[in-house]
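The values are calculated or read from the model by the stated rules, or taken from the named source; none is laboratory data. Note that this is a predicted model, so its numbers are computed, not measured. Note that we place each Cβ from the backbone using ideal geometry, even for glycine, and neighbour counts take in every protein chain shown. The protein model used for the area step is the full one, side chains on, heavy atoms only, and it has no ligands, DNA or RNA in it. Shrake-Rupley method; radii C 1.70, N 1.55, O 1.52, S 1.80 Å.
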Amino acid sequence: MLYHMSCALCMSSKTLLLRSQSAVPLFSAGQVIFRNNPPSASAMSKDTLHSKIKTAEVVTAHPEPQNGGALDTRPVKKRENYISWEEYFMSVAFLSAQRSKDPSSQVGACIVDEENKIVGIGYNGMPTGCSDDELPWAREGLYLETKYPYVVHAEQNAIMNRNAASLKNCIVYVGLFPCNECAKLCIQAGIKEIVFVSDKYKDQEVFIASRRLLDMAGIKYRQFIPRSRSIVLNFDVIDPALFAAQT
Ligand SMILES: Nc1ccn([C@H]2C[C@H](O)[C@@H](COP(=O)(O)O)O2)c(=O)n1
């Protein structure tokens, strides 16, 4: 069984499906599948990001011998459908976001240094030692009864969780465009670029302020355009026999 969540990760006991929009479940034993599903007309009009994604499909499985089992003397080539660095880092951010308790927006961030090494990961959540059962998760109402004054943003957690002495010239991969407070921290940390998936709050003042600060500080920001809507993590791929009894 697969759980489908918009802009989230679908998970069954064997499969994690990272996707930016619900789509047809895509997994089978022994296969790793990256796949794009053409957006429906209504989805396209609603979502400019998805309309930019090319319709493409990359499906590579362990190939069955095509020669009746005779010894295959062709040179073994390297695997070709591996994910790109950017897909990898953004997927780590999205996977991290799945730890978030925020009922409306689960945001993850992944900070990467100049050698493509991950130096910090975080997601939005309440501060350590502050109960996320007692603090509010509401979006609306009296300010002090909403989550906003309490929640630590994904970027803030990723910066605090860093395992490097400096974040100078690092890139942040994040699900949502940073707010002004996160922009300030990124600037002070020496981060050089922000790669985001959604800018859904771009007209709100804190995000306008954020762009103003980032522009002044010369920090680049750009939207991540995935080549596929979903990335499947199939726990079967490492050893199909592991789950054979369950299927
Ligand atoms: N760049 C961002 C933007 C927002 N967040 C967090 C803050 C909240 O927990 C949530 C947004 O909630 P919403 O207003 O959509 O209900 O996302 C973040 O971590 N990083």
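Could you work out how far the C-alpha centroid of the stretch 74-103 sits from that of the stretch 189-247, in angstrom?
11
Amide H of residue 198 versus every other amide H placed in the peptide plane: which residues, excluding those fewer than 5 positions away on the same chain, fall under 5 Å?
The list, which skips near neighbours in sequence, is 176, 177.
Under 17 Å from the 7 Å Cα→Cβ point of residue 216, by amide nitrogen: which residues of the stretch 167-190?
Label zone hits: 179-190.
With a probe of 1.4 Å, find how much accessible area the stretch 88-223 has per residue, and write the answer as a whole number in Å².
Spelled out: the 1.4 Å probe surface of the stretch 88-223, per residue, equals 53 Å².
List, in order, the whole-Hz ³J(HN,Hα) value for each residue of the stretch 223-228 obtained from phi through the Karplus relation with A = 6.51, B = -1.76, C = 1.60 and θ = phi - 60°; use x for Gly and Pro.
Coupling constants for the stretch 223-228: 7, 7, 10, x, 7, 9 Hz.
Return the sequence-ordered ³J(HN,Hα) values of the stretch 97-107 in whole Hz as given by the Karplus equation 6.51 cos²θ - 1.76 cosθ + 1.60 applied to θ = phi - 60°, using x for Gly and Pro.
Result, ordered by residue: 4, 5, 7, 5, 9, 4, x, 9, 10, 9, 10 Hz.
Can you pull the percent of the stretch 92-247's accessible area that's carbon plus sulfur, 1.4 Å probe, other chains left in place?
That fraction is 54 percent.
Mind checking which of 201, 171, 105 is farthest towards the positive end of the stretch 88-223's charge dipole, using Cβ charges of +1 (Lys, Arg) and -1 (Asp, Glu) about the Cα centre?
Toward the positive end, the furthest listed residue is 171.
Ranked from highest to lowest mean number of other Cβ atoms within 10 Å per residue, what is the order of the peptides 69-77, 147-155?
Final packing ranking: 147-155, 69-77.
Residue 208 to residue 165: FRET efficiency via 1/(1 + (r/R0)^6), r the Cβ-Cβ distance, R0 41 Å, to the nearest 0.05?
0.80
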